[in-house]
Structure formats: structure tokens, C-alpha cells
Amino acid sequence: MSDPVRRPVVAVLNGPNLNLLGERDPQAYGTATLADIEKLCLETGDRLGLDIDFRQTNHEGVLVDAIHELRRTAAGVVINAAALSHTSVSVRDALAVVEGPVVEVHLSNIHRREAFRHHSFVAEVADGVVTGCGARGYAMAVEHVAHLVAAAVEEVAS
Ligand code: DHK
């Protein structure tokens, strides 16, 4: 029996309160649940030949630990740190040591909302930011990570 071919893993990390998507402020966040978004990411990953490691936590330290765990093994990271995007230097510093590309995603357009949401510590260390595209933004972020990973592989090969 041959070994199954291992596909690159893209981590999709979600911060506080995103477990309540679907019921929480649908005007801002839409009606898709986190399970719907996970399904979308898995489908996008399948299409691109990637495995998706999809996680959510309400705890800053748990998010930092997850980033440390994945920093070398994940081909790239998509992250919606939610409220921690605007407050957490520790999440920012953890992301700074991730070896692969990092793409930040927000469901809502954070620049069209309250002033305290306009700055993101995550954006400072991200290779790209998708904001205001709703659940579809996650698929766009996974696609962009896949593009950056493929570009890096090509550069090494050339
Ligand atoms: C999600 C949250 O929970 C907010 O705290 C951020 C982000 C925006 C989003 O749009 O996905 O400000």
C-alpha cells in the first residue's frame, strides 16, 4: 500500500466571539456560522490541494500557543484574530515568527466601523489583509496564501 501524499497545511485561526457567528450582529458579520466558514475553507483548500487546520478560541494565550505550534509546520496562516487584532501585541509578536505567509481576514470592513477597530496589530506583520468581504473573504485569504506558497516554491526551484 502506498503512503498517502501529504498536502501542505494552511492554518485558519479564529479569535474571540467568532464561535457566535450567525447569531452575533448579522449586520456587521453576516449570517454564515463558523461551521459554514470552516466548510468554505475546506472546499477552497481541496480545490487548491491544501489541508486546512481550522481553529477558534476565545483566549489570547491559547491563540499564541496555537501560532507557536504551527509556526514551522503550517505552509501559511489565515487569521481573524477578531477583537485581539486591535489589542494584542502578543498575537502580533507570535505571528512575526511564523515562517510561511500570513494573511489577515475580517468579515466586516474594519475601516468603516468604530475608530478603535481601524488599527490592527496583526496587519503590521501580515502579507495581506482581506476586510469587508464577509465569509467569502476567508476563501480569498486561503487562495492568497496558496498563491504566496506556490510563488515561494517556484522561487526556490529557479
Ligand atoms: C471580528 C470581530 O469580532 C471584531 O472584534 C473585529 C472582526 C472585526 C471581523 O470583522 O471579522 O473588530
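Summary of computed values
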| quantity | calculated |
| --- | --- |
| Subset tally (residues that are open to solvent by 20 Å² or more (accessible area, probe 1.4 Å) and of a type outside the set (D, E, K, R)) for the stretch 135-145 | 3 |
| 2 or more residues open to solvent by 10 Å² or more (accessible area, probe 1.4 Å), within 22 Å of Thr131 (Cβ to Cβ) and touching a strand residue (DSSP E or B) at 6+ places or on another chain (Cβ under 9 Å): qualifying helices (runs of 4 or more DSSP H) within the stretch 1-118 | 34-48 |
| Which numbered condition Val122 fails, given (1) open to solvent by less than 50 Å² (accessible area, probe 1.4 Å); (2) closer than 18 Å to Pro16 by Cα; (3) away from the ligand (no atom under 12 Å from the Cβ); (4) within 14 Å of the chain's Cα centre (by Cα) | (3) |
| Matching entry among Val156, Val145, Val102 (being over 14 Å from the mean Cα position of the chain (by Cα) and among the hydrophobic types (A, V, I, L, M, F, W, C)) | Val156 |
| Top-ranked residue of the stretch 1-16 - restricted to ones that are of a type in the set (A, V, I, L, M), touching a residue at least 40 places away in the same chain (Cβ under 8 Å) and away from the ligand (no atom under 16 Å from the Cβ), ranked as farthest from Arg117 (Cα to Cα) | Val9 |
| Cβ-Cβ under 9 Å pairs, at least 6 apart or on other chains, the stretch 17-29 side at positive phi, far side within 12 Å of the ligand (Cβ to nearest atom) and of a type outside the set (S, T, N, Q) | Asn17/Arg24; Asn17/Ala82; Asn17/Ala83; Gly22/Tyr29; Gly22/Gly30; Gly22/Ala32; Gly22/Leu34 |
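The values are calculated or read from the model by the stated rules, or taken from the named source; none is laboratory data. Note that the coordinates shown come from a computational prediction; the quantities given were computed from them, not determined experimentally. In this analysis, Cβ positions are derived from the backbone assuming ideal geometry, glycine residues included, and neighbour counts consider all displayed protein chains. The protein model used for the area step is the full one, side chains on, heavy atoms only, and it has no ligands, DNA or RNA in it. Shrake-Rupley method; radii C 1.70, N 1.55, O 1.52, S 1.80 Å.
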